[in-house]
Amino acid sequence: MSQPLDPEMFAGCSHTASPFRIGGKWTAQIIRCLEAGPRRFSELEIPLRSITPKVLTETLRAMERDALITRTVHAGVPAPVTYELTPLGLTLLAPMAACCAWAAEHLPTLLDARDAHDSVGSPGVDAGVGTHSAQS
């Protein structure tokens, strides 16, 4: 039998204010778009063509709130706006590169496992209850 889990194992982590916004659908892609420097909204829309302007705006605002990007309004009519990674946002590039490297190496195995699991007709996980029986 394995050791019981420490009831305080997450004491140092606040799950109510999780900093892991990069898990959002678009955040990591926006970070990659801004990796080489500031970009305008219309520039971001090109590689992110399946995102709606509303969702792009909401994601950029959330990232700005978390100090991952800065929004700069430049002089002009209409006033051009650019988005740029902050020093904090730049710190995400290394972990994201590690995730990409992991995916490049292991994604085929992961997808094969999903296919095998799904072909068995398993109902998956429902309401936090796993499909495996306890046999310890």
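Scanning the stretch 20-77 for residues that are assigned to a loop (DSSP other than H, G, I, E, B), touching a strand residue (DSSP E or B) at 6+ places or on another chain (Cβ under 9 Å), of a type outside the set (D, E, K, R) and closer than 22 Å to LEU88 by Cα gives GLY37, PRO38, LEU68. Flag not set for GLU84, criterion: modelled with pLDDT under 95, surrounded by 14 or more Cβ atoms within 10 Å (Cβ to Cβ) and either within 18 Å of the chain's Cα centre (by Cα) or assigned to a helix (DSSP H, G or I) (or both). Among residues of the stretch 38-49 that are at negative phi, those with a Cβ under 7 angstrom from a residue that is open to solvent by 70 Å² or more (accessible area, probe 1.4 Å) and assigned to a helix (DSSP H, G or I), sequence gap 6+ or separate chain, pair up as LEU48/GLN29. Checked against (1) modelled with pLDDT of 90 or more; (2) open to solvent by 100 Å² or more (accessible area, probe 1.4 Å); (3) assigned to a helix (DSSP H, G or I), TRP102 passes all but condition (1).
The values are calculated or read from the model by the stated rules, or taken from the named source; none is laboratory data. Keep in mind the model is a prediction, meaning the values are calculated, not measured. A quick note on method: Cβ atoms are made from the backbone with ideal geometry, for glycine too, and the neighbour counts reach across all protein chains shown. Calculation scope for accessible area: heavy atoms of the full protein, side chains included, ligands and nucleic acids excluded. Shrake-Rupley method; radii C 1.70, N 1.55, O 1.52, S 1.80 Å.
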